[in-house]
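The values are calculated or read from the model by the stated rules, or taken from the named source; none is laboratory data. Owing to the predicted nature of the structure, the values given are computational and were not obtained by experimental measurement. A quick note on method: Cβ atoms are made from the backbone with ideal geometry, for glycine too, and the neighbour counts reach across all protein chains shown. Calculation scope for accessible area: heavy atoms of the full protein, side chains included, ligands and nucleic acids excluded. Shrake-Rupley method; radii C 1.70, N 1.55, O 1.52, S 1.80 Å.
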Amino acid sequence: MKYSKPELYKKLILNILRENKITIEVLLEKLNKLLYSDYSMNTIERRTLDRSLKGLREDGFKISPKNINGVFYYILDKNSNSEILTEEEQLTFPLLLGLLDTEKSMKAVEWMRVTLIDEFNFSRNDLKAHPYFVNVQPTLNNQEKLLILAGKIIDFMKKGNVIQFLYEKKGVIELKQVAPLQIRYYNNRYYMLGSSIDEISNKPSNLLHTFILDLFVENQVYKAVEETDEINAEEKHIYFDYDELFKMTNLEYLLDNSMGMWFDWEINILKTIRLKFTGWAISVVKNKKIHQSQKIIQDTPEFLIIEICVWDNHQTNNYFSRFWNNCERLN
């Protein structure tokens, strides 16, 4: 990774200060040694070092001289700037990269790995996960293409662009024009929530629809354009008010009370459901809530009773069935 000289100076100064307290003279000496030996660059003067320290302070790093037994040492406050992590926090990097192991062929994941090595002096062995940590989740087919597709859609959302795409469902391919509102990842599939566009008015219907990203033909999406009979007319993209449509579709309310992605346009029955878990299911439910509304009612070594407030529909009941006979609905 290439840096401008001022940025390189600041990067190296931080690396030196992270090691220990240091006098300004030793700091300058170590910095110049690194510049000459590692980068084949000319040494710098004290005034250049002072400018770099000033720049780091402006970036949020707390670097101050402290008098210790008559000697002034420069000390980096480890609580300054969110870029600095404790040693324990740094130990999470191999696990985080291990969780991304199913996407290790993606350029973005390798870029993160290389950045940690180049900018923060981690070695590849420091970041090695296997065989110490394994993510057993198999990678999705076309994972990188799906992530790129999701990224494009999110970019269109931020700009208020209506999108168009070919969508294949039950062997039938249709052209869709949609005002996109949200991407969700659920049960190893990416979903897009949005409102279909009226062909005449080019306005959203305000009804919420769900689309599955892996059903987008060739993982392609484009900006929607207004149709016109004029020859050689300039293309006009269709736009929508994201914030207004988000409220009009009631997306947050509909999805936050769902166990997954399913809701009804007209009739949704919100119910507080009480569940009793036994055996191995107890630790599963304690480790991770099955819904954000989950509350523990009774906790014993033999069973666990919880309550959740969700739409009472077939998807909710299907979710409970994954616990087999270790889950009993009490109401």
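Think of the stretch 189-331 as a dipole: +1 on every Lys or Arg Cβ, -1 on every Asp or Glu Cβ, centred on the Cα centre; then among Pro204, Pro301, Phe277, Pro301 lies furthest on the positive end. Taking each DSSP H run with n ≥ 4 as -39500 (n - 2.57) and averaging over every residue of the chain yields -10000 deg cm²/dmol at 222 nm.
Arg46 contributes about 110 Å² of solvent-accessible surface, heavy atoms of the protein only, 1.4 Å probe.
Can you give the percent of C-alpha pairs in the chain whose distance is more than 31 Å? Show your work: numbers first, answer last.
Values: 31936 of 54615 pairs.
Tail of P(r) above 31 Å: 58 percent of Cα pairs.
For the chain, a crude dipole built from +1 on the beta carbon of Lys and Arg and -1 on the beta carbon of Asp and Glu, taken about the Cα centre, is about 1340 debye to the nearest 20.
For the pair Asp59 and Glu230, the difference between a 0.36 nm per residue extended length and the Cα-Cα distance amounts to 56.2 nm.
Dipole size of the stretch 67-200 about its Cα centre, with +1 on Lys/Arg Cβ and -1 on Asp/Glu Cβ: approximately 560 debye, rounded to the nearest 20. For Phe165, list long-range residues whose amide hydrogen, built 1.01 Å from N in the peptide plane, is under 5 Å from its own amide hydrogen. Amide H neighbours of Phe165: Lys176. Listed values for the stretch 166-177 are Karplus-derived 3J(HN,Hα) couplings in whole Hz (6.51 cos²θ - 1.76 cosθ + 1.60, θ = phi - 60°), namely 8, 10, 9, 9, 6, x, 10, 9, 10, 7, 10, 10, and x replaces Gly and Pro.
Quick one: pull the percent of accessible area on the chain belonging to carbon and sulfur, 1.4 Å probe, ligands and nucleic acids left out. Each step should come with its number before you reach the end.
Values: 10760 of 21340 Å².
Exposed carbon and sulfur together represent 50 percent of the surface.
Candidates Gly98, Met259, Phe246 compared by Cα position along the dipole of the chain: farthest toward the positive end lies Gly98, with charges placed on Cβ. When only the Cβ of Lys, Arg, Asp and Glu is charged (+1, +1, -1, -1), the dipole of the stretch 1-160 relative to its Cα centre reaches about 440 debye. In the stretch 173-331, one over the average inverse separation of all distinct C-alpha pairs is 18.5 Å, which is the Kirkwood hydrodynamic radius.
Pairs over the 29 Å Cα-Cα cut-off, from the set Lys33/Lys107; Lys5/Lys104; Lys5/Lys158; Lys11/Lys128; Lys176/Lys247: Lys33/Lys107; Lys5/Lys104; Lys5/Lys158.
Think of the chain as having a plus end and a minus end, set by charges on the Cβ of Lys, Arg, Asp and Glu; of Thr115, Gln177, Leu31, Leu31 sits farthest toward the positive end of this dipole.
Relative contact order of the stretch 179-227, please, whole-number percent, based on alpha carbon pairs below 8 angstrom and at least 6 residues apart.
Values: 66 pairs, mean separation 14.0, N = 49.
Contact order relative to length: 29 percent.
Please give the FRET efficiency for Asn142 paired with Ile75, using the beta carbon to beta carbon distance and R0 = 56 Å, rounded to the nearest 0.05.
On the way: r = 50 Å, r/R0 = 0.90.
So the FRET efficiency works out to roughly 0.65.
Note on Phe122 and Ala108: the model spin-label points, each 7 Å out from Cα along the C-beta direction, lie 1.7 nm apart. By a 1.4 Å probe calculation restricted to protein chains, Phe323 has an accessible surface near 10 Å², given to the nearest 10.
Distance between the pseudo-spin-label points of Arg274 and Glu252 (7 Å out from Cα toward the beta carbon): 3.1 nm.
So what does the Cα-only Debye profile of the stretch 161-239 read at q = 0.14, 0.18 Å⁻¹, as log10 I(q)/I(0), no solvent term? Evaluating at q = 0.14, 0.18 Å⁻¹ gives log10 I(q)/I(0) of -0.49, -0.77. Between Arg18, Arg47, Arg189, the Gaussian network model of the chain with springs among Cα atoms under 10 angstrom shows the greatest mean-square fluctuation at Arg47. Normalised by the number of residues in the chain, the average gap of Cα pairs under 8 Å and 6 or more apart makes the relative contact order 10 percent.
At 1.4 Å probe size, put Ile282, Ile269 in order of accessible surface, largest to smallest. Don't jump to the answer; show the numbers that get you there.
Details: Ile282 20, Ile269 100 Å².
Ranking Ile282, Ile269 by accessible area, largest first, yields Ile269, Ile282.
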